[in-house]
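Everything below concerns the one structure shown next.
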Amino acid sequence: MSSSPAIAAASAAVVALAVANRVLYKLALVPLKQYPFFLAQLTTFGYVAVYFSILYARYRAGVVTGDMLALPKRRLAAIGLLEALGLAAGMSAGAMLPGPAIPILSQSFLVWQLIFSALLLGRTYSMRQIIGCFLVASGVILAVASGANEGQFLSEVKFIWLALMVASSAFQAGASILKESVFIDGAKRLKGRRPDIFVVNSFGSGFQALFVFLLLPLLSNLKGIKFAELPAYLNGGAECFLNVDDSLIDCGGAPFLPLLFILVNMAFNIALLNLVKMSSALVASLTATSAVPISIYILSLPLPYIPHGAELSSSFILGGVVLLMGLIIYNLPQSSKKQSKIE
């Protein structure tokens, strides 16, 4: 366990990067609003390049072994498919949703994670954790319900975009549970030694890139783009990303905002992994959770390229408070004896 000052510094870095990551997620979709799948493709291939570079360095250093690299890839392929679906669904919905709605709806991840871990891993949970999960679900429902009345900032948003954002969290939660199963199965195959996290992330990202590419015809068709028009769509996305003069739509903010999002997102993931290594998953989870209300507040303000901001309704704010309470209750520490019985 690292020293308290080091953990405090790492926690502060995670909070700052988590807030920046959520805000830039929305801002990156402003210039590429018509090309969310292009941004998904670009982000995914960025992950592949960085993760495999780190994996190679760790293999050369002897941290990653040949046996780890030889682990079965079937579950990793499933992880890649789920993350591709989650990324595409999330970016499609994120381009259409008001900024403050994104961090709220994304917290349904915890609910899906609890369900999938119970179904796929046979996990059982304490009453405290179930109550925390119930509060998270209640907070999401209250926030979504804020758009049911005329004049609220979600009132003009179609239900399909809300559902897609929640579905994106479901796909990502399923991928996280499969990753956990890979570590459990890998420990058995490696005689008690768990696979290096970059083995899972690298191959998972590689399969994710493959599936994002393969799903482009289907996903673009859902957006009303025929398969024959796909090359033109990708070319248009590239022109918009590069913000060339020939672009038919306003792509103000590109390529700076999308690139900044990709860099900050990678930095956030690395910082979160570093905090888990220095302290525990519990500390990392609580630290990342603290960024949710800060992100909601910032995304409600007028921002560059989103000058109008969003007026938060009382029910939306109440939903955010209930959700945060649920996350805190879910992550409260419990005795090691109880923990061993439950998990």
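Search the stretch 301-317 for residues being within 14 Å of Ala101 (Cα to Cα) and surrounded by 16 or more Cβ atoms within 10 Å (Cβ to Cβ), and hand back the single one that is modelled with the highest pLDDT.
Checking each candidate, the answer is Ile317.
If you check Ile225 against the conditions, is it assigned to a loop (DSSP other than H, G, I, E, B) and among the aliphatic types (A, V, I, L, M)?
yes
Taking the stretch 119-130 as the region of interest, how many residues are open to solvent by 40 Å² or more (accessible area, probe 1.4 Å) and assigned to a helix (DSSP H, G or I)? Step through it out loud before you land on a result.
The first filter runs over the stretch 119-130 and keeps only residues open to solvent by 40 Å² or more (accessible area, probe 1.4 Å), leaving 119-125, 127-128, 130.
Pick out the ones that are also assigned to a helix (DSSP H, G or I) and you get 119-120, 127-128, 130.
Looking only at that region, the number is 5.
Okay, residues lined up against (1) of a type outside the set (Gly, Ala, Ser); (2) under 19 Å from Asn265 (Cα atoms); (3) open to solvent by 20 Å² or more (accessible area, probe 1.4 Å); (4) not in a helix (DSSP H, G or I):
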position: Gln34; (1), (2), (3), (4): yes, no, yes, yes
position: Leu42; (1), (2), (3), (4): yes, yes, yes, no
position: Tyr47; (1), (2), (3), (4): yes, yes, yes, no
position: Val64; (1), (2), (3), (4): yes, no, no, yes
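Just to verify a result, which residue in the stretch 238-278, among those that are among the charged types (D, E, K, R) and either more than 22 Å from the chain's Cα centre (by Cα) or open to solvent by less than 60 Å² (accessible area, probe 1.4 Å) (or both), is modelled with the highest pLDDT?
Quick first cut of the stretch 238-278, residues among the charged types (D, E, K, R) only: 239, 245-246, 250, 277.
In the following step, the residues that additionally are either more than 22 Å from the chain's Cα centre (by Cα) or open to solvent by less than 60 Å² (accessible area, probe 1.4 Å) (or both) were identified as 239, 245-246, 250.
On the way: Glu239: 88, Asp245: 71, Asp246: 65, Asp250: 78.
The selected residue is Glu239.
Only one of Ala40, Ala61 is more than 30 Å from Lys188 (Cα to Cα) and aliphatic (A, V, I, L, M); which?
Ala40
For residues that are part of a helix (DSSP H, G or I) and either free of Cβ contacts under 8 Å to residues at least 60 places away in the same chain or open to solvent by less than 50 Å² (accessible area, probe 1.4 Å) (or both), tally how many sit in the stretch 185-202.
9
Quick one: which of Leu69, Leu97, Leu55 is open to solvent by less than 20 Å² (accessible area, probe 1.4 Å), more than 30 Å from Ala163 (Cβ to Cβ) and either in contact with a Lys or Arg (Cβ under 7 Å, 6 or more places away or on another chain) or among the hydrophobic types (A, V, I, L, M, F, W, C) (or both)?
Leu55
Mind telling me which of the residues Gly122, Gly80, Gly86, Gly94 ends up being within 30 Å of Gly309 (Cα to Cα) and modelled with pLDDT of 80 or more?
Gly86
Can you confirm whether Ala281 is farther than 30 Å from Gly237 by Cβ, open to solvent by less than 80 Å² (accessible area, probe 1.4 Å) and at pLDDT below 75?
yes
Condition check: modelled with pLDDT of 85 or more and of a type outside the set (Asp, Glu). Does Gly224 satisfy that?
The answer is no for Gly224.
Provide a single number: the residues in the stretch 18-32 that are assigned to a helix (DSSP H, G or I) and either within 18 Å of Ile197 (Cβ to Cβ) or among the β-branched types (Val, Ile, Thr) (or both).
2
The values are calculated or read from the model by the stated rules, or taken from the named source; none is laboratory data. Please read these numbers as outputs of a predicted model, since none were measured by experiment. Every residue, glycine among them, receives a Cβ derived from its backbone with ideal geometry; neighbour counts consider all protein chains shown. For the accessible areas, the whole protein counts, side chains as well, though only heavy atoms, and no ligand, DNA or RNA atoms are used. Shrake-Rupley method; radii C 1.70, N 1.55, O 1.52, S 1.80 Å.
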